[in-house]
1. Are there any pairs, at least 6 apart or on different chains, whose C-beta atoms fall under 9 Å, with the first in the range 216-229 and among the basic types (Lys, Arg) and the second surrounded by 14 or more Cβ atoms within 10 Å (Cβ to Cβ) and assigned to a strand (DSSP E or B), and if so, which?
2. Scanning for something hydroxyl-bearing (Ser, Thr, Tyr), outside any loop (DSSP other than H, G, I, E, B) and crowded, with 24+ Cβ neighbours inside 10 Å, does the range 120-135 turn up at least one residue?
3. Name the residue that is modelled with the highest pLDDT, counting only residues in the range 367-411 that are of a type in the set (Ser, Thr, Tyr) and crowded, with 16+ Cβ neighbours inside 10 Å.
4. Being aliphatic (A, V, I, L, M), at pLDDT 95 or above and over 24 Å from VAL155 (Cβ atoms): is that true of ILE331 here?
5. Given the structure, is LYS403 in the same structural domain as LEU178 (by TED's automatic domain parsing), part of a loop (DSSP other than H, G, I, E, B) and out of contact with any Phe, Trp or Tyr (no Cβ under 6 Å at 6 or more places or on another chain)?
6. So, in the range 335-359, how many residues would count as being without any contact (Cβ under 8 Å) to a residue 24 or more places away in the chain and within 21 Å of SER98 (Cβ to Cβ)?
7. Counting only residues that are surrounded by fewer than 24 Cβ atoms within 10 Å (Cβ to Cβ) and within 16 Å of ALA308 (Cβ to Cβ), how many does the range 333-353 have?
8. Taking the range 292-334 on its own, how many of its residues are free of Cβ contacts under 8 Å to residues at least 12 places away in the same chain and not β-branched (Val, Ile, Thr)?
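The values are calculated or read from the model by the stated rules, or taken from the named source; none is laboratory data. Model, not experiment: these values are computed from the prediction. No Cβ is skipped: glycine too gets one built from the backbone with ideal geometry, and neighbour counts run over all protein chains shown.
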Amino acid sequence: MKIDLNVDKKKLKTLAVIGAGAAIAGAAGANLIARTIANKVSDRFYNILSKDLYDENLWELVSSTMRMTPQIAVETNLRANEPKLLERPMGSPSKFPSLDSLKFNIAQLHTMPTDTLTEIDTQVTIGKMAVKPFTIKMPIMIAPMAYGVALSKEVKIALARGAKMAGIAANSGAGPFLPEERKEAGILIYQYNRGNWGKTPEILRNCDAVEIQFGQGAYAGVGHIVKGQLIDRQLRKDFGISKGEDIVAHSRQPEVQSPEDLPVLVEKLRNITGGVPIGAKIGAGKYLEKDLEYLCTSGVDFISIDGAEGASKGSPPILQDDFGVPTVFAIHRAAQWIRNNGYADQVSLIASGKIRTPGEILKAKALGADACYIGSIALFAVSHPQLNKALPFEPPTTLVWYKAHYSSDFNIQKGAESLNNFLEACNLEIADGIRALGKTSFAQVNRDDLIAIDETVARGCDIPMAYVPC
């Protein structure tokens, strides 16, 4: 049988055109139907919103939520769900007066800028009068973050390794002492916790500085308890506790039941360590100057001031939102008191509490800090190239918390390299900022380099407003 291919091709083309037309018409029809339905639904919804009184209007939910803020709405639901202490991670979302309200001078003619090729000195020595002070390459240190009750071992190792690569100090935090962290860190500050673990002479002699923990911005001076049933076998071993035993961080430093006990502890630690810098970590409160007086007269070599914006793995929202002095005022007040009372050449001031950028570090120095701790932003930096392992179904912190969902997937070397890149980039920006001020070293930056764009910060820090001719 002979088939006329030309005729068949014509039929096929015709059928194809008809089919395509039908598909287009069907799609257009479906689109028209969908648009009609959507239009009717939106009209109905609009009529309800615009005509129903508030006692029946769904917009009341939006209105009330905006009044109380989504943050308060969510936390109210969490509190209503079960009667237990709420712990919020990563610090307060509240907006406090901050370093953002300060700006720097620009050197041009009245003050000439520094030549681009001029080497800028960003080194800082901590514990100036100690027998064994330490020097960091840049004015940044890794804040105390605890292994076990907060971070995984892998992340602690990465932070220590990245800090060493950048030539800065890491801090053990108040968790168990990690030999692996000590091995990786070039300079390690040991936090003398408020519990009953670690703190042996062997550990103390193995570190480059000791920081006595009294309080912090996100936890004030409040202690906390980790129940024994929540502690796994590995962590019990690291803490040196028995099965079922609780981990208790006391509100008071066990060896300092009154301010008069502090000089005894400082001298004890100095004798054990052979003269490494001995410091203290406090949250900034109303009576900051009295706390500074007790600390300085006790003989400490450095003081870490944590502003109200300080963060932690988890602490009660009331302590984050409603307690403490904002970082910008805490730095100013601490530096002013130390300077006015003749301790500036003896005691190093370390600022912390939502310090995230090179500009904020330079502003902290201008207000009087010698260096800054970074915490939350260091966690972002160390985990940056690996966030895809957790996202989009889990939060990024599941990559860094101890025994969290993706903590075992964290790559130590990648984390260390990422942190080092971040730190080196920050230091390059700090150096350019110093050049823009017409100076050649981090040490030369001071409060005369600042102007303010907020009246409260201007008055609180005794900085001229930007609109006032100088």
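1. Short answer, once both residue conditions are applied: LYS227/ILE247.
2. Taking the range 120-135 and keeping what is hydroxyl-bearing (Ser, Thr, Tyr), we get 122, 125, 135.
Restricting the remaining residues to those that are outside any loop (DSSP other than H, G, I, E, B) gives 125, 135.
Filter once more, keeping what is crowded, with 24+ Cβ neighbours inside 10 Å: none.
Looking for residues that are hydroxyl-bearing (Ser, Thr, Tyr), outside any loop (DSSP other than H, G, I, E, B) and crowded, with 24+ Cβ neighbours inside 10 Å, one finds none in the range 120-135, hence no.
3. Initially, the range 367-411 is screened for residues of a type in the set (Ser, Thr, Tyr), giving 373, 376, 383, 397-398, 402, 406-408.
Right, trim to crowded, with 16+ Cβ neighbours inside 10 Å and you get 373, 376, 383, 397-398, 402, 406-407.
Values: TYR373: 96, SER376: 91, SER383: 91, THR397: 84, THR398: 85, TYR402: 85, TYR406: 82, SER407: 86.
Only one residue fits best here, namely TYR373.
4. On the way: aliphatic (A, V, I, L, M): yes; at pLDDT 95 or above: yes; over 24 Å from VAL155 (Cβ atoms): yes.
So ILE331 fits the description; yes.
5. Numbers: in the same structural domain as LEU178 (by TED's automatic domain parsing): yes; part of a loop (DSSP other than H, G, I, E, B): yes; out of contact with any Phe, Trp or Tyr (no Cβ under 6 Å at 6 or more places or on another chain): yes.
Yes, satisfied.
6. Going residue by residue through the range 335-359, those that are without any contact (Cβ under 8 Å) to a residue 24 or more places away in the chain are 340, 342, 344, 356.
Then drop every residue that is not within 21 Å of SER98 (Cβ to Cβ), which leaves 356.
So the count comes out to 1.
7. Counting residues in the range 333-353 that are surrounded by fewer than 24 Cβ atoms within 10 Å (Cβ to Cβ) and within 16 Å of ALA308 (Cβ to Cβ) gives 1.
8. The first filter runs over the range 292-334 and keeps only residues free of Cβ contacts under 8 Å to residues at least 12 places away in the same chain, leaving 318, 322.
Those left that are additionally not β-branched (Val, Ile, Thr): 322.
Selection size over the range 292-334: 1.
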